1. Against the longest principal axis of chain A, how steep is helix A:48-63, in degrees 0 to 90 to the nearest 10, with axes from Cα atoms?
2. What do you get for the angle between helix A:69-94 and the principal long axis of chain A? Use alpha-carbon atoms, 0 to 90 degrees, nearest ten.
3. What are the extents of the Cα atoms of the stretch A:92-166 along their three principal axes, in Å, largest first?
4. With everything on Cα atoms, drop me the angle between helix A:107-126 and the longest principal axis of chain A, reported from 0 to 90° to the nearest 10.
5. Given just the C-alpha atoms of the stretch A:19-84, how large is their convex hull per residue in cubic angstrom?
6. Past the 21 angstrom mark, what percentage of all C-alpha to C-alpha distances in chain A do you count?
7. What is the order of A:50, B:65, fewest Cβ neighbours within 10 Å to most?
């Protein structure tokens, strides 16, 4: 008997585990995992309003850096509240939580979006011009919608095709 | 198969009898990506009855692999949410690595 044969293979049998190692079960189990990930990809279709709402929230938060001191804090609070509302709505709709694994599955697009937002914050803080602030907010909104959708597509593709997150 | 950041190479293959049962393996596979899911979503993904889902989640919860919570104060009927714990994630990744090792052995013996 090999070491591998000694492993306990617990399969469901009317809810009760049975002990019988079978190497072929390993492949069947891996296939189950792959199918579950593909099923998850189908459940994770992000509604159109999510990236649009996220774009508006981020545009507000970036442009709030140029607001007068008295208006900045309320704008940030509104932005954070909007973010919370979006996340809760997404969770209620899909029955799934927000996970940092999503970020890992679409790392390239997610990192690109974070960079755009960081640069936007820098631009608004350094160039204190209303026109520049407005233009930056528009760029953040468009980037969030476009890159967010790309990230969503990449994430679902990876789940469907069993591609490992790097 | 999808693994989280930083795992893979460092995951020690380890067979886990709690996770190996098909429905529990599927639950862990779902939560390994989503981390948190509502009870109804887990049930629908498994395609089994409430009682079966409940039973499997209880076993995972007793092993410390998932945490069940029922957030209140949101209005309406409170729903149960299932979250994969760090211990559950480690156990699932170790189990997955073991399955892959076993499957690779089969491929070699076939080839």
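1. 40
2. The two axes meet at around 30 degrees.
3. 47, 29, 17
4. 20
5. Given the Cα convex hull of the stretch A:19-84, per-residue volume reads 134 Å³.
6. Working: 8160 of 13695 pairs.
Distances greater than 21 Å cover 60 percent of the Cα pairs.
7. On the way: A:50 19, B:65 25.
The most exposed by this proxy come first: A:50, B:65.
Only the coordinates and a few stated rules stand behind these numbers; no lab work does. These figures come from a predicted structure and were not determined experimentally. Ideal geometry is used to build each Cβ from the backbone, glycine not excepted, and the neighbour counts take in all protein chains shown.
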